[in-house]
Amino acid sequence: MVATAQETAASPAVRARARRQRDEELLVWPDLVFVEFIAAVVFTLSLTALSILINAPLLDRANAGVTPNPSKAPWYFLNLQELLLHMHPALAGVIVPTVALIALGAIPYFDRSHDGQGEWLATPRAKLNLIIGAVVGAVGTLLLIIWDGSKHVVLWARLTGNDVSDWPTKLNWLRSARALQIHINWPEELLSIPLGEKVLRTDLLGLPRVDLNVNLPALIVEQALPTALMVGLPLLMAFILHRQGIARTKRDHMIAQFSGFIAVFVVLTVIGTAFRGQGMELLWPQDVGMPVS
Amino acid sequence: MATTERPEGRSLGDRVYDMLFHNYVWQSIFRSGYPNTPRNQMLVVATNVFLHLHPTRIHRTHVKITHTYCLGGLSFFLFLGLTITGVLLMFYYVPSVERAYEDILALETDVRFGILMRNMHRWMAHGMVIMVLLHMMRVFYTGAYKPPREFNWVVGVVLLVLTLLLSFTGYLLPWDQLAFWAITVGTNMVGSAPILGEPNRFALIGGFVVGPNALIRFYTLHVIGLPLLAAIFMAVHFWRIRRDGGLARPL
Ligand code: HEM
């Protein structure tokens, strides 16, 4: 190729650098076009093979009168459906995914450094932060699901040779998140706090009174506690990683948080797909049966 | 290749090659022969309408499979494959509550290669969701969202949402129990949002329950609305890759 005007006009040093960069470059035809072609062929062949071997599912005709048990969303939304079992539907179905997407889109606006750009995990502590983030995310999610599904009680019964019903009554509040609401003697006043009469005095503005009675224990279990955990645990991880000198730069923190997010996403999706059977009960995959999608 | 230069001793292969590629019709389509000099290879990439999405040269690390694993390219490839199989499926499918399920059944039993088309469309759709998620992870772990590529990452997030919506709207179309209840569960989640949830759900499915209105809305979004949006965002995505100086490199 003829040297460009820019190249000829530049100083010898710049020219040398440009030439060195050139040496590092390949022509798109044939080098890249060839790779793309092979990838497309391999992919077409394997998809055709897959489609010959496995048929797409088709169940009975849609019937609004017959609700399958369990009814599940498509697999990529089962993470949200899993969240739905543990918290207020508005939180699980709308607020969490919205906040997650906004946070995802905002990553480059938090971490604007050039550290580790253009190479796999190129910063010094990248792999360590990835592993810690992913393990904390996965194990944390699993433990929370086990707790909310009361499976720690089953485990305790297995280990001690007791029956599940032998769990001490005094510790009933530790059975699950919901148990905090049911098995604690909350003062009567807290079960129905008339916000409409005491706090939101819309009647003073000449508007109709709002009928808003808040059940505090339910609010704690369905909204406050899940929010605190979903915000607090990642922050706690960031704090500890920072104190331990494991996450020192913004890129370090981003890697830990993103890996944690991916791990949570995967664990929730897998649990929702393969470990939830009738009545969305937590079961082993062989008792759930083959997922259809 | 001028035949006059070698008047004698031409093999059969040469003659067949000439007949195939040096005739008037072929050369009216492809103006030059196989580009076997660097200059012609760059020209072909720069002037061919399909190839010119690429730059003419590319850094050697970006050609290594392990840099991108071709994940973005495969997402795009799946999008194209889904368009082709989707158009074929549209020949047979009518989005009405009376016909949708029967049409899918007929497609599987009466239409030659119908079941293959349906299977390919479905597995490609699942594949695209997986590829896009993996592509996002590769972009993240190679630090390719960093300046000046911040906005292309945001475009990517929009593409991720569009991909999920494309898959979700297609999920209802077979009108079987799987489709109906998955969409019922999914749209109920939308309905649970504070204040705006119910109106949004109503607008999405055109009623209080999933029925004929939901089917036609999902169909329209699935075959034209969302693919059009996705194509526009993909055009921006690819354009930005070029404007941002190709794939990210260490600085
Ligand atoms: C339909 C979905 C998508 C398609 C078809 C697509 C396509 C592509 C292609 C072909 C490339 C070139 C390099 C490669 O193959 O990896 C690319 C790069 C890129 N993509 Fe995507 N993409 C999609 C979704 C996303 C998502 C979800 C994100 C992030 C959230 C994203 C962010 C980026 C960025 C920042 C680059 C530049 C990478 C670099 O400079 O190394 N894309 N995309």
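A few notes on this one:
- B:I104 meets each of the listed conditions (1) open to solvent by less than 30 Å² (accessible area, probe 1.4 Å); (2) outside any helix (DSSP H, G or I) apart from (2).
- Members of the stretch B:136-154 found to be part of a loop (DSSP other than H, G, I, E, B) and open to solvent by less than 10 Å² (accessible area, probe 1.4 Å), listed by number: B:T142, B:G143, B:Y145, B:K146
- Candidates A:A49, A:A56: the one that is open to solvent by less than 80 Å² (accessible area, probe 1.4 Å) and touching a helix residue (DSSP H, G or I) at 6+ places or on another chain (Cβ under 9 Å) is A:A56.
- Every residue from the stretch B:206-238 that is surrounded by 15 or more Cβ atoms within 10 Å (Cβ to Cβ), among the small types (G, A, S) and either in contact (Cβ under 8 Å) with a residue 24 or more places away in the chain or more than 25 Å from B:V185 (Cβ to Cβ) (or both): B:G211, B:A214, B:A230
- Scanning the stretch B:207-251 for residues that are more than 20 Å from the chain's Cα centre (by Cα), within 18 Å of B:M136 (Cα to Cα) and either small (G, A, S) or away from the ligand (no atom under 15 Å from the Cβ) (or both) returns B:G246, B:A248.
- A:E7 being closer than 24 Å to B:A46 by Cα and at pLDDT below 55: yes
- Of the listed requirements (1) in a helix (DSSP H, G or I); (2) surrounded by fewer than 16 Cβ atoms within 10 Å (Cβ to Cβ), A:V292 misses just one: (1).
- All positions within the stretch A:277-289 that are more than 12 Å from every other protein chain (Cβ to nearest Cβ), in contact (Cβ under 8 Å) with a residue 24 or more places away in the chain and either within 17 Å of the chain's Cα centre (by Cα) or part of a helix (DSSP H, G or I) (or both): A:Q278, A:G279
- The helices (runs of 4 or more DSSP H) found entirely in the stretch A:189-276 that carry 2 or more residues being surrounded by 15 or more Cβ atoms within 10 Å (Cβ to Cβ) are A:216-219, A:225-243, A:250-274.
- The set of residues in the stretch B:21-69 being aliphatic (A, V, I, L, M), away from the ligand (no atom under 12 Å from the Cβ) and surrounded by 15 or more Cβ atoms within 10 Å (Cβ to Cβ) consists of B:M42, B:L43, B:V44, B:V45, B:L51.
- With respect to the conditions (1) of a type outside the set (D, E); (2) open to solvent by 60 Å² or more (accessible area, probe 1.4 Å); (3) within 16 Å of the ligand (Cβ to nearest atom); (4) outside the structural domain of B:G114 (by TED's automatic domain parsing), B:L80 lacks only one, and its number is (4).
- B:L173 within 9 Å of the ligand (Cβ to nearest atom) and either outside the structural domain of B:Y101 (by TED's automatic domain parsing) or of a type outside the set (V, I, T) (or both): no
- Flag for B:G72 being more than 10 Å from the ligand (Cβ to nearest atom) and either at pLDDT 95 or above or open to solvent by 20 Å² or more (accessible area, probe 1.4 Å) (or both): no
- Check on A:L225, touching a residue at least 12 places away in the same chain (Cβ under 8 Å), in the same structural domain as A:L128 (by TED's automatic domain parsing) and within 30 Å of A:D115 (Cα to Cα): no
- Positions within the stretch B:132-148 being in contact (Cβ under 8 Å) with a residue 40 or more places away in the chain and either at the interface with chain A (Cβ under 7 Å from one of its Cβ atoms) or more than 8 Å from the ligand (Cβ to nearest atom) (or both), in sequence order: B:L134, B:T142, B:G143, B:A144, B:K146, B:P148
- Positions within the stretch B:119-131 being at the interface with another protein chain (Cβ under 7 Å from one of its Cβ atoms) and either near the ligand (Cβ under 10 Å from one of its atoms) or at positive phi (or both), in sequence order: B:V129
- Residue pairs meeting the criteria (Cβ under 6 Å; at least 6 apart or on separate chains; first closer than 15 Å to B:Y141 by Cα, in the stretch B:59-75; second of a type in the set (V, I, T) and open to solvent by 20 Å² or more (accessible area, probe 1.4 Å)): B:H67/B:T61
- Yes/no for A:N79 being more than 7 Å from every other protein chain (Cβ to nearest Cβ), open to solvent by 40 Å² or more (accessible area, probe 1.4 Å) and either under 14 Å from B:Y171 (Cα atoms) or within 30 Å of the chain's Cα centre (by Cα) (or both): no
- Verdict on A:L121 being open to solvent by less than 50 Å² (accessible area, probe 1.4 Å) and either on the phi > 0 side of the Ramachandran plot or outside the structural domain of A:P97 (by TED's automatic domain parsing) (or both): yes
- Against the numbered list (1) assigned to a loop (DSSP other than H, G, I, E, B); (2) more than 26 Å from B:L221 (Cα to Cα), B:T66 comes up short only at (1).
- Every condition in (1) part of a helix (DSSP H, G or I); (2) farther than 30 Å from B:H222 by Cβ; (3) at the interface with another protein chain (Cβ under 7 Å from one of its Cβ atoms) holds for B:L116 except the one numbered (2).
- Against the numbered list (1) surrounded by fewer than 22 Cβ atoms within 10 Å (Cβ to Cβ); (2) over 15 Å from the mean Cα position of the chain (by Cα); (3) more than 9 Å from the ligand (Cβ to nearest atom), B:V157 comes up short only at (3).
- Count of residues meeting criterion [open to solvent by 100 Å² or more (accessible area, probe 1.4 Å) and in contact with a Ser or Thr (Cβ under 8 Å, 6 or more places away or on another chain)] in the stretch B:7-20: 0
The values are calculated or read from the model by the stated rules, or taken from the named source; none is laboratory data. Note that this is a predicted model, so its numbers are computed, not measured. So basically every Cβ, Gly included, is an ideal-geometry build from the backbone, and we count neighbours across all protein chains shown. Remember, those area values only see protein heavy atoms, side chains included, never the ligands or the DNA or RNA. Shrake-Rupley method; radii C 1.70, N 1.55, O 1.52, S 1.80 Å.
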